[in-house]
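Single-structure report; data block below.
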Amino acid sequence: MQVIRSIVELRAARDPKRKSVLVPTMGNLHAGHLSLVKIARERGDQVITSIFVNKLQFAPHEDFDKYPRTFERDCELLSAGGSDVVFAPPDSELYPETQGYTVRPPPGLADILEGAVRPGFFSGVCTVVLKLFNLVQPDVAVFGKKDYQQLLVIRNMVRQLALPIEIVPGETVREPAGLALSSRNGYLNESQRNEAAQLHAALRKVAAEVKAGRSDWPAIEREARDFLTTRGWLPDYVSVRLRADLGAPAPGAPAPGEPLVVLAAAKLGGTRLIDNLEI
Ligand code: PAF
């Protein structure tokens with residue numbers, strides 16, 4: 001496996017005759033990321049994993065500085081997991097000057113849910129992802145469903161900017177109790193870690209009720225938030241949305257052929273977790 005730090009080396013390593021697949025990450029890899037690398041391996045013949053903690057997607061009060069950086073271990077995992085190339089540029093390589101040109105994703109998709117709580121987040125994500133796409137020029141890129149809204153925003157960007165890249169989703173990988181794997185799980189202490197699976201439990205309850213015929217969305221969402229609050233969480237949102245564009249479903253039963261997803265974000269102690277479940 002080649003470990004590459006510079007754009008010049010990346011261009012030399014990129015083999016245009018091979019079908020290349022990009023897995024963008026911020027490092028601190030876990031089994032969820034490795035499942036994306038596995039998908040990449042099946043989809044192409046040059047797998048490039050990027051590791052870059054993108055300052056543009058962190059607000060000043062967020063965890064950019066303390067975000068776990070575990071580069072040596074990440075490389076071991078990626079080598080065993082089947083990545084051909086690791087592209088891990090320093091900040092100065094990707095942002096040699098202030099990034100004045102940025103991507104402004106449509107507010108209807110990017111300023112709701114995560115984007116409402118983290119203003120500018122998806123602009124930061126889209127800007128770095130577009131830059132990585134320009135550098136790597138992959139045929140395919142793999143994104144996890146754990147970041148459901150991110151996946152939709154990236155798909156939308158690729159479609160609207162006519163980028164010749166197929167976006168492939170990867171299923172969320174969970175601990176046996178249901179907690180979705182995330183680099184931020186590492187911030188949890190032992191008792192919080194036991195509690196953390198309740199976020200998934202709250203989503204499962206919502207999904208079960210919707211499947212059983214409930215469609216009073218505000219009440220369902222409030223009950224899920226209350227469930228979390230009484231257990232000591234600080235929920236930002238629990239929201240049932242249309243899978244296609246994350247729009248709010250109409251009051252009453254959803255139209256057939258309009259599949260739903262329930263998304264949630266909540267803080268447990270100082271750690272903010274997100275999760276979702278397709279219904
Ligand atoms: O999902 C992530 O890890 C990041 O948002 C991404 C896509 C690598 C962009 O920095």
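The values are calculated or read from the model by the stated rules, or taken from the named source; none is laboratory data. Please read these numbers as outputs of a predicted model, since none were measured by experiment. A quick note on method: Cβ atoms are made from the backbone with ideal geometry, for glycine too, and the neighbour counts reach across all protein chains shown. Protein only, heavy atoms only, side chains kept; ligands, DNA and RNA dropped before computing areas. Shrake-Rupley method; radii C 1.70, N 1.55, O 1.52, S 1.80 Å.
Tabulated results
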| quantity | calculated |
| --- | --- |
| Rounded tilt (10° steps) of 190-211 against the dominant C-alpha axis of the chain | 70 degrees |
| Nearest-10 value in Å² for the accessible area of Val103, using the 1.4 Å probe | 30 Å² |
| Karplus-derived HN-Hα couplings along the stretch 13-26 (A = 6.51, B = -1.76, C = 1.60, θ = phi - 60°), whole Hz, x at Gly and Pro | 7, 6, 9, x, 7, 9, 6, 9, 10, 9, 10, x, 9, 10 |
| Added length on full extension, which subtracts the Cα-Cα distance from 0.36 nm per residue, Thr102 to Ala219 | 38.3 nm |
| Contact order normalised by residue count of the chain, Cα under 8 Å, 6+ apart, percent | 17 percent |
| Accessible area expressed per residue, the chain, with surrounding protein chains retained (probe 1.4 Å, Å²) | 47 Å² |
| Vicinal HN-Hα couplings computed from phi for the stretch 145-159 (Karplus, 6.51 cos²θ - 1.76 cosθ + 1.60; Hz; Gly/Pro x) | 6, 3, 9, 4, 5, 4, 4, 5, 5, 5, 4, 4, 4, 4, 5 |
| In the stretch 184-239, trypsin sites (Lys or Arg not before Pro) in a DSSP loop with at most 16 other beta-carbon atoms within 10 Å | Arg214, Arg231 |
| Accessible carbon and sulfur surface of the chain relative to its total accessible area, %, 1.4 Å | 53 percent |
| Low-density loop positions, GluC sites (Glu not before Pro), the stretch 104-191 - DSSP coil, at most 14 other Cβ in 10 Å | Glu171 |
| Kirkwood hydrodynamic radius of the chain, Cα pairs, Å | 19.7 Å |
| For the stretch 138-159 and the stretch 215-255, distance of Cα centres in Å | 23 Å |
| In nm, spacing of pseudo-spin labels at Asp15 and Gln160 (7 Å Cα→C-beta vector) | 3.7 nm |
| Near-label residues of the stretch 10-51 by backbone N, under 16 Å of a point 7 Å along Cα→Cβ of Asp65 | none |
| Per-residue SASA entry for Asp74, accessible area with 1.4 Å probe, Å² rounded to 10 | 0 Å² |
